[in-house]
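Just so it is clear, none of the values below were taken in a lab; they were calculated from the coordinates. Being a predicted model, the structure only gives us computed values, none of them experimental. Cβ coordinates were reconstructed from backbone atoms using ideal geometry, including for glycine residues, and neighbour counts include every protein chain displayed.
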Amino acid sequence: MHVLADDAARVRPHCETIEPERLISPLVFSSPHSGRAYPAAFLAASALDLQTLRSSEDVAVDELFAAAPLYGAPLLRANFPRAFLDVNREPYELDPKLFDQAPPHYANTRSLRVAGGLGTLARVVAEGRAIYRDRVPLAEGLARIEAFYKPYHARLEALMNRTERQFGAVYLIDCHSMPSRVPTGDSRRPYEPINADIVIGDRYGASCDPAFSHKVHALLSGMGYRVARNKPYAGGFITENYAIRSHNRHVLQIEINRALYMDEKSLTLGPGFAGLKADLTRLIAQIAPAGARTGLGLNGAWRQAAE
């Protein structure tokens with residue numbers, strides 16, 4: 001895994017799709033936060049060093065799910081980092097504290113994510129550390145949305161539409177990592193561990209067929225992982241925005257505890273990475289081919305397996 005932190009990052013596409021040789025699965029995989037190409041101008045404007053900026057990165061999540069195309073499903077990944085622009089937000093969740101002038105009237109400036117400094121352009125990274133030395137020109141922020149955010153979502157929508165046309169349904173797996181500890185807001189006990197290895201989020205059944213969620217839960221639990229549902233992560237903008245269960249469009253978010261596979265301080269991969277990747281490959285192998293085997297009966301097949 002290589003971090004690109006200079007102008008060489010410009011040669012990489014902002015996002016890319018790793019396609020299967022044949023599309024034989026109703027699944028689409030998305031890794032929106034694993035990007036590691038840091039533009040030089042962004043680094044120059046930041047008050048933080050690269051290591052600190054990377055604390056918000058879903059390190060190597062795209063690599064953990066890299067087997068998806070081998071089993072007939074595309075994998076879409078962002079190459080730009082989350083600290084630079086976050087595609088798991090509304091397109092215009094804009095923080096007035098960040099910009100040199102007021103955001104446009106159509107921007108959402110009052111969401112809880114904006115209040116926490118984590119809008120479409122984040123104001124802070126982990127532990128509330130401010131990213132920028134000075135306010136960001138609003139024109140620069142809007143330009144990032146046009147050049148990075150909109151192409152990612154256009155590609156994701158196109159992949160989902162293509163899969164839905166072929167199989168009559170589409171299941172988006174939105175892939176993320178989570179810190180092993182979360183802030184409590186209590187100065188006496190500032191952090192507490194997340195008591196789960198993996199959290200799967202389906203917005204309490206609103207974004208995904210519960211039979212499919214249960215199947216994924218059961219498979220991961222059967223591999224020995226502590227699996228939680230919807231707490232503390234039920235799903236973000238992508239999970240909410242792309243799910244239309246009445247039209248057979250389903251989204252399941254998967255959050256992986258970083259302590260399983262990396263050193264959270266140095267951001268280096270640890271000895272658990274290979275085993276975790278192998279297990280996730282097994283998971284993909286068991287859920288991805290369902291559409292090829294059962295055609296439009298895939299929902300029933302998963303429900304029967306879950307029961």
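Things worth noting here:
- P(r) weight above 17 Å for segment 88-180, C-alpha pairs, percent: 59
- Contact order for the chain, expressed relative to its length and based on alpha carbon pairs under 8 Å spaced 6+ residues apart, stands at 21 percent.
- Positive-end residue of LEU70, ALA196, GLY275, charge dipole of the chain with Cβ unit charges: ALA196
- Projected label points at ARG226 and LYS265, each 7 Å from Cα along the beta carbon direction, are separated by 2.2 nanometres.
- Choice from LEU220, LEU70, LEU112 showing the highest fluctuation, given a GNM over the chain with Cα pairs closer than 10 Å: LEU112
- Remark: spin-label model distance ALA40-VAL182 equals 4.0 nm, labels positioned 7 Å along the Cα→Cβ axis.
- Cα convex hull volume per residue for the chain (Å³): 135
- Computed about its Cα centre, the charge dipole of the chain is approximately 420 debye, with only Lys, Arg, Asp and Glu carrying charge at their Cβ.
- Classification of segment 114-256 by its C-alpha gyration tensor yields an oblate form. The axis ratio a/c (a ≥ b ≥ c) is 1.5 or more, and b/c is at least a/b.
- When the trypsin sites (Lys or Arg not before Pro) in segment 146-214 are filtered for DSSP coil states and for at most 13 other beta-carbon atoms within 10 Å of their beta-carbon, the remaining sites are ARG188.
- Highest-MSF residue in the chain out of ASP174, ASP263, ASP186 [GNM, Cα springs under 10 Å]: ASP186
- Three-way shape call for segment 125-169 based on the alpha-carbon gyration tensor, with the a/c threshold at 1.5: oblate
- Here the average projected area of the convex hull drawn through the C-alpha atoms of segment 198-260 stands at 4.1 nm².
- Per-bin percent of Cα-Cα distances, segment 51-92 [10 Å]: 23, 45, 27, 5
- Spin-label model, GLU140 to TYR106: label points 7 Å out along the Cα-to-beta-carbon direction sit 2.4 nm apart.
- Remark: segment 137-146, residue by residue, has Karplus-estimated 3J(HN,Hα) of x, 4, 4, 5, x, 5, 5, 4, 4, 5 Hz, where x stands for each Gly or Pro and the curve is 6.51 cos²θ - 1.76 cosθ + 1.60 at θ = phi - 60°.
- Sparsely packed GluC sites (Glu not before Pro) within segment 13-119, loop by DSSP, other Cβ within 10 Å at most 15: GLU21
- Cα gyration tensor, segment 94-137 - rounded (a/c under 1.5), prolate or oblate: oblate
- For a straight C-alpha distance cut-off of 21 angstrom, the lysines reachable from LYS231 (same-chain residues fewer than eight places away being disregarded) are LYS215.
- Mean residue ellipticity, 222 nm, helices only, the chain: the sum of -39500 (n - 2.57) across DSSP H runs of n ≥ 4, divided by residue count and rounded to 500, is -8000 deg cm²/dmol.
- Counting DSSP beta bridges with both ends in the chain, the antiparallel % (nearest 5): 45
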